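Report on the following structure.
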Amino acid sequence: QVQLVESGGGLVQAGGSLRLSCAASGSIFRVNAMGWYRQAPGKQRELVASITTGGSTNYADSVKGRFTISRDNARITVYLQMNSLKPEDTAVYYCHARAPLYNYWGQGTQVTVSS
């Protein structure tokens with residue numbers, strides 16, 4: 001089992017910044033990639049950014065140039081730095097960990113961007 005605990009969400013004005021953190025614990029040796037998804041009301045959950053254990057990153061087109069995903073050297077905490085936030089970034093953000101046979105999810109953290 002892998003446990004994921006997110007923090008860092010909140011309310012920010014458009015143009016502002018937030019940093020999300022996701023701390024992983026448990027059987028983290030199984031995890032080969034971690035990332036962030038988001039789900040806005042009435043919409044499907046979508047990938048925001050991901051990073052593999054090798055350090056390769058992937059971003060949704062809508063956040064490229066504004067968001068940066070990173071991890072600490074021990075690879076047990078993943079961060080999402082969000083700059084130039086827009087109202088359309090408002091959503092619940094979920095941390096995700098991918099293992100060969102299972103996907104793990106955090107409880108979600110609300111990000112609200114006011115115009």
Right, A74: among the small types (G, A, S), over 19 Å from S114 (Cβ atoms) and assigned to a loop (DSSP other than H, G, I, E, B) or not?
-> yes
Residue list for the range 71-87, restricted to those being farther than 21 Å from V12 by Cα and open to solvent by 50 Å² or more (accessible area, probe 1.4 Å) | R71, N73, A74, R75, I76
For G10, indicate whether it is farther than 17 Å from D72 by Cα and modelled with pLDDT of 95 or more.
-> yes
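Of the residues T90, T53, T68, only one is open to solvent by 50 Å² or more (accessible area, probe 1.4 Å), among the β-branched types (V, I, T) and farther than 23 Å from G26 by Cβ; which?
Values: T90 fails: open to solvent by 50 Å² or more (accessible area, probe 1.4 Å); T53 fails: farther than 23 Å from G26 by Cβ.
Answer to the selection: T68.
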Those residues of the range 1-55 which are hydroxyl-bearing (S, T, Y) and not in a strand (DSSP E or B), in sequence order | S17, S27, T53
The lone exception for S70 - which of (1) of a type outside the set (K, R); (2) touching a residue at least 24 places away in the same chain (Cβ under 8 Å); (3) over 16 Å from Q3 (Cβ atoms) it fails | (2)
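Just to be sure before I move on: is V63 within 27 Å of Q13 (Cβ to Cβ) and in contact (Cβ under 8 Å) with a residue 40 or more places away in the chain in the structure I sent? Explain how you work it out, then say what you get.
Values: within 27 Å of Q13 (Cβ to Cβ): yes; in contact (Cβ under 8 Å) with a residue 40 or more places away in the chain: no.
No: the conditions fail for V63.
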Within the range 20-47, considering residues that are under 16 Å from M82 (Cβ atoms) and in contact with a Leu (Cβ under 7 Å, 6 or more places away or on another chain), the one most open to solvent (accessible area, probe 1.4 Å) | Y37
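The values are calculated or read from the model by the stated rules, or taken from the named source; none is laboratory data. These numbers were taken from a predicted model, which means no experiment stands behind them. Cβ sites come from the backbone with ideal geometry, for glycine too, and all protein chains shown count toward neighbours. Areas reflect the complete protein model, heavy atoms only, side chains present, ligands, DNA and RNA absent. Shrake-Rupley method; radii C 1.70, N 1.55, O 1.52, S 1.80 Å.
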